[in-house]
Each structure stands twice: as structure tokens, then as C-alpha cells.
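What follows is one structure encoded as C-alpha cells, with my remarks underneath.
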Amino acid sequence: MAENIEFFLNAKKISTNVHPAKTLLDFIRVDESLKGTKEGCREGDCGACTVLVGEINNDQLKYKSVNSCLYPIGNADGKHVVTIEGLNNERLTPIQEEFNNEGATQCGFCTPGFVNSLTGYVIEHKELNNIDAETSIAGNICRCTGYSSIKRTAENVVEKINSLNLESQSRIIALVERDILPKYFLEIEEKLKSFDIKPANKCISKSTIIGGGTDLFVQHADSLMNEDVSFAKNFGLNNIQVIDNECVVGASITIEEFKNSEIIKKHFPSLMKQLEMFASLPIRNSATIGGNLVNASPIGDSAIIFLALNAKLRICNNNNFRIINLNQFHKGYKTFDLYEDEIIEDIIFQLPTENEYFNFEKVSKRTYLDIASVNSALNISVTNRIINSAHLSAGGIAPIPLYLSETSNFLKGKGVSSETILDALNIVQSEISPISDIRGSAEYKRILLSQLLKAHFIKLFPELIDVEVLL
Ligand SMILES: Cc1cc2nc3c(=O)[nH]c(=O)nc-3n(C[C@H](O)[C@H](O)[C@H](O)COP(=O)(O)OP(=O)(O)OC[C@H]3O[C@@H](n4cnc5c(N)ncnc54)[C@H](O)[C@@H]3O)c2cc1C
Ligand code: FES
Ligand code: FES
């Protein structure tokens, strides 16, 4: 089954027949003996294995950080993979120098991951700021230095690069001229464009579909090496479009692409911030929407968001397709309405009207870099203080990501008021039957969901809700 996979690893062209489900980390460290990329948790949690992946997107070369421990080499086909060895010049780069100057590296185990993440940020953003620089290294864990020196390093890098006034130049050229990137980067775009990438046949009967691999490679990295696999990214499902006032999201769109899409930013401005609570940037750069729905976790963040948007799924098998409501997709714990030879092609939902309001809430043990204990979303249409329609969803309170149909129906026709919320709390509590598990007791989850329902209304209609009544 092994097909030829071609990509650039730093300056070197790779052409290999290894199994496409081999992790990029193993290929880099074992097959290519590049030991700068470190292996820590193999679960996407520590960032020691972070590399950059460059690909042609809308005719432009774009780089992003990914966790190579969860990244199948098949997904690297046609791309540029950059490890710490591929950033090294004869001298330290200015970014490496800053780590050195600030004492931000001791044992050095985490440092290649940090340097890669920060370099990716500097390549991709023309206007740098401290907050975004910090976000770019979230997901990289250091056991030695303490984070203050690393934070100072990131701030120094921001200040230094901003002071160079590189805005008017092509970014890669400007960074090569300042020795921030090695010279071979200048040729990469042309080289990647010369790859002949063929779209894959969607007839994928019996093969395991890999999206970003961020779920599959945590659970089954070894067994995947014995399976026939296909890559969802090759099915051409990489667009977010508006068609007749419906938003059509290709299933291979990553969480980060969805978050940064101009369409999503325009219609759901709060989601950009809220989706920063979804894992770390390297995970969001790989994790796809389709993978999040089929992973079928009861607390999948995008499942909860799309349930509240009353989304539909376009499911395809060869040239046939069917459309189902997302709230009919998940059937029981980790079971769903998808045959072996089917894939999710698109997620489709109506764009909001001017009377429609959306909110997403997530409570987890840590604010960032954690899965939810309970999450919830509400999409509500209101005219003259009366609710025309409501779609409420919640995760962590059932074996599946749940659409709360009784509470949603109850809200229809009611006024937006604290009294309506108090009545809705009774309905929502009768509609759920959470169990105790490692994310919290059943009782705790009940309390959380009530608080999140209140939070939706308080955030969306602060002037209409008397918070005192809800205490
Ligand atoms: C460190 C870490 C943090 C995480 N944090 C969060 C979090 O905060 N919130 C959250 O919701 N999740 C989180 N996750 C879980 C995971 O990242 C997401 O569920 C992610 O969206 C899965 O997408 P993927 O493309 O990587 O899926 P994959 O692992 O590639 O696939 C998952 C499943 O989906 C199937 N699949 C993929 N695409 C399709 C398709 N188009 N059609 C049919 N089947 C398909 C695969 O066959 C597989 O069964 C986290 C994971 C890790 C490792
Ligand atoms: S080894 Fe820890 S994130 Fe990959
Ligand atoms: S310097 Fe040792 S883990 Fe970060």
C-alpha cells in the first residue's frame, strides 16, 4: 500500500515509501537521525516535538507549528517540514540568541520546540505583539527554567523584530536577510509549487480516514501502522464558503482555520477568543472539524458549537451523498450515523440574521490547554425581547454531545428575562442525566450547566437580565 511521499525536510528533498501513518517524529528522529526534535509525551501535551510545516495555500507559502508526535508523515506530502536543524545558521539565530541571553534554556529539552513555535509566529505575522507571541508558544512545556525567562525572551523577540521595520518586504526574504532564517528558505515556495499533488479518490471503502491525527494518534498510533489509511486533506474539503446565506465548512478545515476565517470572524466575533480555549496552537493547527465530530467525544468543542448552530452534515460515499442534522448524528457513546465507506464532506449552517445571538462557554480544570468538564453553546433569535427560536447544546452531561431540545423548545416565544431563565433551569435539569467521572461528579456537572445557561443570557443580554434574581 505504501505510496511515494515527497516533501522537503529542511533543505533536503525526501522521497519515501514508509507507511503513511508513521509519525513525522519517528521519521525525523529515527529514519533521518535528526535528534534536535525531542520526544516527550507523544500525546500532544508537551510541545517538545514541535516542528514547522510549510504548505502552499491560496498560492502562498504558509507555515504553522504542529506536534510531530501526532502528525502522520502522509500529511506532510507536498510540504516543507522544518526542524531545529533546518533553522540553524552558522551562528545562533536572533531568536536562539534571546533564549540564551535571558537564561531561558537549561537542559535544552524543550528549547527546539519553543524556538520553532516562536519562529513560526515571526514568519507568519507582520505585526508582532506580546500576547500573540505568548499564544504561539502555549503548548510548549518547560521543566527547568521557569516561564518568566521564556516570556521575557518572547517579548524581546517581538521588540527586536518590530524594530527592524520589515513590513514592506516579502517576509521570508526579510527574515533571510537578517539571518533569522537560513538562505534555502528562499527557494522553498517554488519547489513546493513544482510538486504534483493529485486529489485523492473519495472512494475510501475500508480504509481508516485520518484528519489531523490528533485524536487517532493518541489512541492508536501503533495499530494504524498496520492499516490502510487515507488522508481527509486530500479530498478537497478545505474551504469555508457562503452559499445562499448558508455557511459551508469543509470537514478538513482545521480548528485554527475556522477560528481565523473572515466569514466566522464577521458573523461570530466572540468565537475567535473562545476557540483559544481549544487545546494549544499546534493542536489547533492540525485538528480538523470533521475529526472533532467523528471523534464523538461528549465534550468535543466544535460539536457543541455546531449543535447550537443547528448544523447539518453532508455525508458522502463515492458519488452519492445524504444530508442529516448534526443532532441526529451521535447515537451513543462514541457511536454515530456513518457507514464504513462514508466520510463527512461538509458542515452546513445558516448564517445568523441581525436578531440572532450566539455564545459558547467552556469550563475546564485549567482555563487553557484543557478539555471541558462541561461546555455549552446557545444560538438565540430575539425580536422585541421575545425569543423567536433557541438552540441550546451542552457537552459533558451525557454520553454524546447533546442538543437540549426540550429547553430549546421551551424558550421559544418566551420573553428574555431572569424569570424565563429560572424556569429554563428546571427544564434543563430534567432533560439531563449526567454521570460522575474524572471530569467531575454528576452533581457538579448539573451545577455547571445551570451556571452556563445563566452565563449565556448574562453575556448576550446584560441589560435585560437581573443578575441578583439568578443568585
Ligand atoms: C493535547 C490535546 C488537546 C485537545 N484539546 C481538545 C479540546 O480542547 N477540545 C476538543 O474538542 N478536542 C480536543 N482534543 C481532541 C482532538 O484534538 C479533536 O477532537 C480534533 O478535532 C480531532 O480532529 P483530527 O482531525 O485530529 O481527528 P483524527 O484524529 O484525524 O480523526 C478522529 C476521527 O475522525 C475520523 N475522521 C476525520 N475526518 C473525517 C471525515 N472527514 N469524515 C469521516 N471521518 C473522519 C477519523 O477516522 C477518526 O475516527 C485534544 C487533543 C489533544 C491531543
Ligand atoms: S512529544 Fe509531547 S507533544 Fe509531542
Ligand atoms: S530547559 Fe529543560 S525542559 Fe525546558
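The values are calculated or read from the model by the stated rules, or taken from the named source; none is laboratory data. As the structure is a computational prediction, the values presented were derived from the model and not from experiment. A quick note on method: Cβ atoms are made from the backbone with ideal geometry, for glycine too, and the neighbour counts reach across all protein chains shown.
Worth a mention:
- Search result, residues across the stretch 409-440 that are at pLDDT below 95 and of a type in the set (G, A, S): S433, S436, G440
- Only one of the numbered conditions (1) within 29 Å of the chain's Cα centre (by Cα); (2) surrounded by fewer than 15 Cβ atoms within 10 Å (Cβ to Cβ); (3) closer than 24 Å to S270 by Cα is violated by D466, and that is (1).
- Looking across the stretch 75-88 at every residue that is assigned to a helix (DSSP H, G or I) and under 16 Å from E32 (Cα atoms), the one that is nearest to ligand 1 (Cβ to nearest atom) is identified as A76.
- Among the criteria (1) more than 16 Å from ligand 3 (Cβ to nearest atom); (2) out of contact with any strand residue (DSSP E or B) (no Cβ under 8 Å at 6 or more places or on another chain); (3) modelled with pLDDT of 95 or more; (4) closer than 24 Å to A279 by Cα, the one R29 does not fulfil is (4).
- Cβ-Cβ distances below 9 Å connect the following pairs, each with a first residue in the stretch 327-339 that is on the phi > 0 side of the Ramachandran plot, a second residue that is surrounded by 13 or more Cβ atoms within 10 Å (Cβ to Cβ) and not in a loop (DSSP other than H, G, I, E, B), and a separation of six or more residues or different chains: K334/N295.
- With respect to being within 16 Å of ligand 2 (Cβ to nearest atom) and under 28 Å from the mean Cα position of the chain (by Cα), L87 falls outside the description.
- Helices (runs of 4 or more DSSP H) lying entirely in the stretch 110-175 (those with 2 or more residues that are under 18 Å from N67 (Cα atoms)): 111-124, 130-137
- Within the stretch 32-60, if we keep just the residues that are crowded, with 21+ Cβ neighbours inside 10 Å and assigned to a loop (DSSP other than H, G, I, E, B), the residue that is farthest from ligand 3 (Cβ to nearest atom) turns out to be G44.
- So L275, is it within 12 Å of ligand 1 (Cβ to nearest atom) and either buried (at least 19 other Cβ atoms within 10 Å of the Cβ) or not acidic (D, E) (or both): yes
- Against the criterion of being under 28 Å from I255 (Cα atoms), in contact with a strand residue (DSSP E or B) (Cβ under 7 Å, 6 or more places away or on another chain) and within 16 Å of ligand 3 (Cβ to nearest atom), N75 does not qualify.
- Here is the figure for the stretch 295-342: residues that are surrounded by 23 or more Cβ atoms within 10 Å (Cβ to Cβ) and under 15 Å from the mean Cα position of the chain (by Cα) total 7.
- The residue pairs whose first member lies in the stretch 90-109 and is under 24 Å from G40 (Cα atoms) and free of Cβ contacts under 8 Å to residues at least 24 places away in the same chain, whose second member is polar (S, T, N, Q) and within 16 Å of ligand 2 (Cβ to nearest atom), and whose beta carbons are closer than 7 Å, counting only pairs six or more residues apart or on different chains, do not exist in this structure.
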